[in-house]
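> Here it is, the structure in full.
The values are calculated or read from the model by the stated rules, or taken from the named source; none is laboratory data. Quick caveat, the model's predicted, so the values are computed rather than measured. Every residue, glycine among them, receives a Cβ derived from its backbone with ideal geometry; neighbour counts consider all protein chains shown.
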Amino acid sequence: MKKVAIVMGSDSDLPTLKPAIETLKELGIPFCVRVISAHRTPEAAAQFSKSAQDEGFGVLIAAAGKAAHLAGALAANTILPVIGIPVSASKLDGLDALFSTVQMPAGMPVATVAIDGAKNAALLAAQIIALSDEGLSAKLNELRKSQSDAVMAKDAQINKEYSNI
Ligand code: RP5
């Protein structure tokens, strides 16, 4: 199975990324977790994304806050799909990172999830990997079903407790 990389601009982003780490673990996807900064270690960022495909990665997840250029900087050096997570690390509450991540120029796509949307980033990465992995595809379908079952159970419970018709 292809690997996923979770790359963050600073170790201060790590708490935001815990749901992505947990989700990939639950799904049995091999992944690495790295701190690489577009601004503070630009050469490492370029080197990482240039070699990622040869190293067996299938998707890169890039999380950064403030002037968040990490996802774009990684995308600049690979044709692997890059998923950007804008992190709410500043007084602008992540809007700065959202705009920096999502507003890529034509020709250099970054699939941007919600501010602090680490879980969806991991699920989207899993869905991409699942295109060529039937076992993972089955796991994702099961996950969707258990999610629906949980909502229906809550509906039944709340309906029973509060409705008066
Ligand atoms: C970004 O700046 C990082 O991704 C982080 O979200 C933010 C703040 O970094 P630190 O100053 O906490 O290292 O590059």
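> Considering only residues that are more than 10 Å from the ligand (Cβ to nearest atom), assigned to a loop (DSSP other than H, G, I, E, B) and surrounded by 22 or more Cβ atoms within 10 Å (Cβ to Cβ), which ones fall in the stretch 5-35?
If the condition is that a residue be more than 10 Å from the ligand (Cβ to nearest atom), assigned to a loop (DSSP other than H, G, I, E, B) and surrounded by 22 or more Cβ atoms within 10 Å (Cβ to Cβ), then ILE29 is the only one that fits.
> Being assigned by TED's automatic domain parsing to the domain that holds LEU60, within 19 Å of PHE31 (Cα to Cα) and surrounded by 13 or more Cβ atoms within 10 Å (Cβ to Cβ): is that true of PRO86 here?
It is false that PRO86 is assigned by TED's automatic domain parsing to the domain that holds LEU60, within 19 Å of PHE31 (Cα to Cα) and surrounded by 13 or more Cβ atoms within 10 Å (Cβ to Cβ).
> Condition first: more than 9 Å from the ligand (Cβ to nearest atom) and more than 17 Å from the chain's Cα centre (by Cα). Now tell me which residues in the stretch 52-77 satisfy that.
Matches in the stretch 52-77: GLN53, ASP54, GLU55, GLY56, ALA76, ASN77.
> To continue, here is another question. Filter the stretch 125-147 down to residues that are under 19 Å from LEU60 (Cα atoms) and out of contact with any helix residue (DSSP H, G or I) (no Cβ under 7 Å at 6 or more places or on another chain) and give me whichever is surrounded by the most Cβ atoms within 10 Å (Cβ to Cβ).
Among residues in the stretch 125-147 that are under 19 Å from LEU60 (Cα atoms) and out of contact with any helix residue (DSSP H, G or I) (no Cβ under 7 Å at 6 or more places or on another chain), the one surrounded by the most Cβ atoms within 10 Å (Cβ to Cβ) is ALA125.
> Can you work out which of the residues in the stretch 69-82 that are assigned to a loop (DSSP other than H, G, I, E, B) and out of contact with any strand residue (DSSP E or B) (no Cβ under 6 Å at 6 or more places or on another chain) is nearest to ALA52 (Cα to Cα)?
Within the stretch 69-82, the match that is nearest to ALA52 (Cα to Cα) is THR78.
> Could you tell me how many of the residues in the stretch 83-113 are in a strand (DSSP E or B) and either over 17 Å from ALA73 (Cβ atoms) or of a type in the set (A, V, I, L, M, F, W, C) (or both)?
Final tally of qualifying residues: 4.
> Checking the condition without any contact (Cβ under 8 Å) to a residue 40 or more places away in the chain, surrounded by 20 or more Cβ atoms within 10 Å (Cβ to Cβ) and of a type in the set (A, V, I, L, M, F, W, C), which residue from ALA122, ALA97, ALA153 passes?
Answer to the selection: ALA97.
> Mind listing whichever residues of the stretch 114-140 are part of a loop (DSSP other than H, G, I, E, B) and in contact with a Lys or Arg (Cβ under 9 Å, 6 or more places away or on another chain)?
SER132, ASP133
> Which of the following residues is surrounded by fewer than 18 Cβ atoms within 10 Å (Cβ to Cβ), of a type in the set (A, V, I, L, M, F, W, C) and touching a His at 6+ places or on another chain (Cβ under 9 Å): ALA44, ALA67?
ALA67
> So is LEU92 surrounded by 13 or more Cβ atoms within 10 Å (Cβ to Cβ), more than 22 Å from LYS3 (Cα to Cα), assigned by TED's automatic domain parsing to the domain that holds SER37 and within 16 Å of the ligand (Cβ to nearest atom) or not?
Here the answer is yes, as LEU92 does meet what is asked.
> Ok, one more. Quick check on my filter: what residues within the stretch 95-112 are away from the ligand (no atom under 12 Å from the Cβ) and under 15 Å from the mean Cα position of the chain (by Cα)?
Within the stretch 95-112, LEU98, VAL102, PRO109, VAL110, ALA111, THR112 meet the criteria.
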